[in-house]
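*Asks:* What follows is a single structure, and I will ask about it in a moment.
The values are calculated or read from the model by the stated rules, or taken from the named source; none is laboratory data. On a predicted model such as this, the values are computed, not experimentally measured, just so you know. Don't worry about glycine lacking a Cβ; one is built from the backbone with ideal geometry, like all the others, and counts go over all protein chains shown. The protein model used for the area step is the full one, side chains on, heavy atoms only, and it has no ligands, DNA or RNA in it. Shrake-Rupley method; radii C 1.70, N 1.55, O 1.52, S 1.80 Å.
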Amino acid sequence: MIWWTLLIVLGFVAVHLFKMARLYLVLMEHKISFGRFVLLYFRTTFINLIIPFKLGEVYRVEEIARETKVWQVGLLSVLVDRYFDMLALFMVLLPFDLFFRRELSPITVVFFVMIVVVALLYMAVPSSYSYLNRYLIMKKTSSRSLAALGGLDIVKKWYDFTRNLITGRSTLIVFASLLGWASEVVTLKALASYKGLSFGLGDFASYIEAIFMNGKSQILTMYTGTTALAFLCLTVIGYVIALCARMRKGKS
């Protein structure tokens with residue numbers, strides 16, 4: 001029993017170290033101090049766990065925007081983090097579906113479509129912007145053309161923001177995501193064994209479907225509740241430590 005408990009704790013730590021690393025890689029160019037980043041991750045993860053349908057990500061957008069002072073970075077960093085999380089999760093789910101379920105789960109298909117569509121849109125922006133910008137400048141002079149040019153500039157600006165968040169780091173972000181999900185599989189297996197529940201490799205897709213489609217899963221309920229409690233404690237401890245450090249600094 002004690003070995004399962006130790007494995008659950010170590011797995012939990014590994015899961016969130018890798019997820020924290022992924023978000024840090026996305027935001028590292030914006031120079032948030034490590035201590036503030038850790039507190040940001042703790043509190044936003046806690047909020048995300050207690051609010052259904054991943055709506056806690058709205059809070060994370062606001063908090064990152066407040067830390068970086070750039071609201072586009074708040075929104076795009078969360079979207080980029082979610083995209084790479086989904087990409088890694090698809091890479092984990094696909095072999096489970098093919099080798100254990102013998103069929104593609106609905107959530108795997110949805111992830112595949114979203115990954116391909118977003119990737120194609122992202123790759124299409126530079127060439128499309130250059131062509132349409134040149135075409136509108138040379139061929140059109142109406143007010144609608146000017147509005148279209150303004151819209152193109154906005155799209156290009158958002159593209160540049162996104163590119164700056166991942167340039168040179170996309171492979172590391174994917175690697176951190178893969179390690180995070182691999183650690184979560186191990187942790188879920190250990191938690192299920194500790195509670196005497198069945199959790200085979202083929203059950204992982206059902207677990208993910210329960211997360212994204214608001215389904216019912218006993219292991220999901222246990223894992224989410226335990227993780228939320230852990231992050232509540234970590235957030236409180238983190239703020240106490242930060243407050244004590246601030247008070248010591250003030251006295252000195």
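*Asks:* Once a ≥ b ≥ c are taken as the square roots of the eigenvalues of the Cα gyration tensor of the chain, is the result rounded (a/c under 1.5), prolate (a/b larger than b/c) or oblate (a/b not larger than b/c)?
*Replies:* Judged from the Cα gyration tensor, the chain comes out oblate (a/c at least 1.5, b/c at or above a/b).
*Asks:* While we're on this one: Give the residues of the stretch 1-30 whose amide nitrogen is closer than 19 Å to a point set 7 Å from the Cα of residue 70 in the direction of its Cβ.
*Replies:* 22-30
*Asks:* Let me ask something else. Check each of the trypsin sites (Lys or Arg not before Pro) in the stretch 150-252 and keep only those in coil by DSSP with at most 10 other C-beta atoms within 10 angstrom; list them in order. Numbers along the way, then the final one.
*Replies:* Values: sites: 156, 157, 163, 169, 189, 195, 216, 246, 248, 249, 251; in loops: 169, 216.
When the trypsin sites (Lys or Arg not before Pro) of the stretch 150-252 are filtered for loop state and at most 10 Cβ neighbours within 10 Å, 216 remain.
*Asks:* So the label point goes 7 Å from the Cα of residue 62 along Cα→C-beta, right? Which residues of the stretch 25-45 then have their backbone N under 13 Å from it?
*Replies:* Label zone hits: 44.
*Asks:* Let me ask another. Return the single residue from 89, 229, 149 with maximal mean-square fluctuation; model: Gaussian network over the chain, springs between Cα atoms under 10 Å.
*Replies:* Highest fluctuation of the listed residues: 149.
*Asks:* Grab the other residues whose beta carbon is less than 13 angstrom from that of residue 163, score K and R as +1, D and E as -1, and report the net.
*Replies:* For residues surrounding residue 163, the net value is +1.
*Asks:* So, by mean Cβ neighbours within 10 angstrom, what's the order for 35-43, 232-240 with the highest one leading? Before the final figure, lay out each step's value.
*Replies:* Values: 35-43: 17.9, 232-240: 14.3.
Descending packing order for the listed peptides: 35-43, 232-240.
*Asks:* Then there's this: To the nearest 10 Å², what's residue 91's accessible area with a 1.4 Å probe?
*Replies:* Looks like 90 Å² after rounding.
*Asks:* Also, quick follow-up: Counting alpha carbon pairs within less than 8 Å and at least 6 residues apart, what relative contact order, in whole percent, applies to the chain?
*Replies:* Computed value for the chain: 34 percent relative contact order.
*Asks:* Ok, one more. Given a 1.4 Å probe, how much area per residue of the stretch 87-183 is accessible, in Å²?
*Replies:* About 62 Å² of surface per residue is accessible.
*Asks:* Where the only charges are on Cβ atoms (+1 Lys, Arg; -1 Asp, Glu), what is the dipole of the stretch 64-174 about its Cα centre, to the nearest 20 debye?
*Replies:* 500 debye
*Asks:* I want to check a number: in the chain, how many lysine pairs have alpha carbons closer than 24 Å, given a sequence separation of 8 or more or different chains?
*Replies:* 19
*Asks:* Picking from 85, 203, 153, which is most flexible by a Gaussian network model of the chain using Cα springs under 10 Å?
*Replies:* Between 85, 203, 153, it is 153 that shows the largest mean-square fluctuation.
*Asks:* Computed FRET efficiency, Cβ-Cβ of residue 224 and residue 172, R0 30 Å: what is it to the nearest 0.05?
*Replies:* The computed FRET efficiency comes out at 0.60.
*Asks:* Follow-up. I'd like the trypsin sites (Lys or Arg not before Pro) in the stretch 55-99 restricted to DSSP loop residues with at most 11 other Cβ atoms within 10 Å, sorted by number.
*Replies:* Here the trypsin sites (Lys or Arg not before Pro) that fit, given the DSSP loop and packing criteria, are 69.
*Asks:* Suppose every K and R has +1 on its Cβ and every D and E has -1 on its Cβ; what is the size of the dipole of the stretch 104-252 about the Cα centre, in Debye to the nearest 20?
*Replies:* I would put it at about 780 debye.
*Asks:* Which value in nm describes the separation of the simple spin-label points at residue 121 and residue 164, placed 7 Å from the Cα toward the beta carbon?
*Replies:* Using points 7 Å along Cα→Cβ, the separation is 2.1 nm.
*Asks:* Now a separate question. So between residue 137 and residue 245, what do we pick up on full extension, going 0.36 nm a residue minus the alpha carbon distance?
*Replies:* On the way: separation 108, 0.36 × 108 = 38.88 nm, distance 5.73 nm.
The span from residue 137 to residue 245 would gain 33.2 nm if fully extended.
*Asks:* Under a point-charge model restricted to the Cβ atoms of Lys and Arg (+1) and Asp and Glu (-1), what is the dipole moment magnitude of the chain relative to its Cα centre, in debye to the nearest 20?
*Replies:* Value, rounded to 20: 880 debye.
*Asks:* Rounded, prolate or oblate for the stretch 164-252? Axes are the square roots of the Cα gyration tensor eigenvalues, ordered a ≥ b ≥ c, and the cut-off for rounded is a/c under 1.5.
*Replies:* Since a/c reaches 1.5 but b/c is at least a/b, the shape of the stretch 164-252 is classed as oblate.
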